[in-house]
1. Give just the number: which of (1) of a type outside the set (A, V, I, L, M); (2) loosely packed, with under 14 Cβ neighbours inside 10 Å; (3) farther than 25 Å from LYS292 by Cβ; (4) within 30 Å of the chain's Cα centre (by Cα) does HIS385 not satisfy?
2. Go through the stretch 236-263 and count every residue that is among the β-branched types (Val, Ile, Thr), touching a helix residue (DSSP H, G or I) at 6+ places or on another chain (Cβ under 7 Å) and under 20 Å from LEU200 (Cα atoms).
3. Can you name the residue in the stretch 276-325 that is in contact (Cβ under 8 Å) with a residue 60 or more places away in the chain and polar (S, T, N, Q) and, of all such residues, is nearest to VAL135 (Cα to Cα)?
4. Within the stretch 185-226, can you find the residues that are part of a helix (DSSP H, G or I), basic (Lys, Arg) and surrounded by 22 or more Cβ atoms within 10 Å (Cβ to Cβ)?
5. Which is aromatic (Phe, Trp, Tyr), within 26 Å of the chain's Cα centre (by Cα) and surrounded by 19 or more Cβ atoms within 10 Å (Cβ to Cβ), of PHE398, PHE346, PHE351, PHE377?
6. Condition first: under 21 Å from PRO209 (Cα atoms), among the β-branched types (Val, Ile, Thr) and part of a helix (DSSP H, G or I). Now tell me which residues in the stretch 152-184 satisfy that.
7. Looking only at residues that are touching a residue at least 40 places away in the same chain (Cβ under 8 Å) and touching a helix residue (DSSP H, G or I) at 6+ places or on another chain (Cβ under 6 Å) in the stretch 91-125, which one is nearest to ALA181 (Cα to Cα)?
8. When the residues of the stretch 273-291 are filtered to those that are modelled with pLDDT of 95 or more and not in a helix (DSSP H, G or I), which remaining residue is nearest to ASP367 (Cα to Cα)?
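The values are calculated or read from the model by the stated rules, or taken from the named source; none is laboratory data. This is a predicted model, so every value here is computed, not measured. All Cβ positions, even for glycine, are placed from backbone atoms using ideal geometry, and neighbour counts span all protein chains on display.
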Amino acid sequence: MSEHSFTSDFHSLKKPKNISPRNTLYYSSRVFFYKCSLLLLILLFQAFVLDFVFRAPSKSASSVRHDLQVKASQLESQKCEYGMVYVYDLPPMFNQELLDNCRDLDPWHSRCNAISNHGLGPKVTGLSGVPEKLVPAWYWTDMFAGEVIYHARILKHKCRTTEPGLATAFYVPFYAGLAVAKYLFTNYTAKQRDWHCEGLLNWVQDQPPWRRSNGSDHFIMLGRMTWDFRRSRDEDWGSSFIHMPLMKRVLRLGVERDPWDQQEISVPYPTGFHPKSKSEIDQWMNFVHNHKRTSLFTFVGAKRNVKGDFRTILQDQCYNESSSCRVVDCSGTRCYDGTSEILESFLASDFCLQPRGDAFTRRSTFDCMLAGSIPVFFWKRSIYHQYEWFLGDESEKFSIFIDRKDIRKGMSIRKVLEGYSGDEVRKMRENIISLIPKFVYSISDEVGSTKDAFDLAIDGVLKRFQEQKG
């Protein structure tokens, strides 16, 4: 196109009739106003973004961290069939300070060894008759160390949550057994025996989870027998912890339960064997299964200086049947931590005699079964309605019952036990060996799919609370 034609076309365009100087000014003003408004909105939006980024980073980061923790707990809870457990962080006087003052927990000797290694005690030395590669799994574990063991394990449990709102159960890690033990055997007042227990309940009742449920979804582990916490009158034995009104709805795990108390669950006494892997459990079960037994039965214990002492009768029968029975006399010694001689005696015997002691149950029962020896009971309350989460409710499959009245009348224990056939003995031993993983306490949670006594106890608590909530 030529320059001339372009100029001609341009001049030939007619100016619109409706455009006047006044209209042009109005139109330009409106365009300018809209542009300014848009620019102002953009600036305000940018200012808002900058303010969010630079003025509130700490709040945002904290909120994000909290949200991530909640999400992680929610994802973890999906792996926990029966829900999750929240562990209270108690004032130190109710647990850690008791450990720190371990030399003062007993009127006669230090308890520092007993509570060492998170309650497992010192590593075993000089243990004979055990496969060398399994010796590292053995400790001199105290029979009353359960409170420390449970606390250490639950802090690392896969179903622990730090969010109370996600919890099915609330664990109170109060070392009640350690707290009251100091006051049991000497002349202390009832107020002194109850001091820690009352202080604990005064603290926990102010916590929001407790106020919501009045303690009905809370549980505790008591490392001593239930009778040490059931004082009815000031002049009686022990603490009145269990009878305190605030304890009415709290579920209690303990090494011996009152069969008529539905709020108590008995859990196994800790033995000295604490495997760290399923392989170690399997090796021990294999060893016990194939071990040669040279004695029919064994008795581990001490006579009591009381008239008609039943243990004296058992020990005398054992000494009179020395070709069939082994004796480990604990007179003047502390056998409850375990010694090499005790384990050797159980490993070498088909049966082990289990009379009641200060309570109906004994740590010795689990030491005996761990060695594949068949326990012989003389009180039904020593096994019936005890440890059902772990041993089942058919104790006749793994134990023998002989009425103590018959023994007092002169019945021969040897003749009773010889009445069982070799097949019957083997079957009972196989049943016992199959139970070993369920009543030992592993050193960690890393034992594959095998659930130990601790795992079964926590599963049982969570399941019970879940069903309770419907």
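1. Unmet condition: (2).
2. 1
3. Step by step, filter the stretch 276-325, then rank; the result is GLN283.
4. Residue satisfying the conditions is ARG193 alone.
5. After ruling out the rest, the residue left standing is PHE398.
6. ILE154
7. Among residues in the stretch 91-125 that are touching a residue at least 40 places away in the same chain (Cβ under 8 Å) and touching a helix residue (DSSP H, G or I) at 6+ places or on another chain (Cβ under 6 Å), the one nearest to ALA181 (Cα to Cα) is LEU105.
8. PHE273
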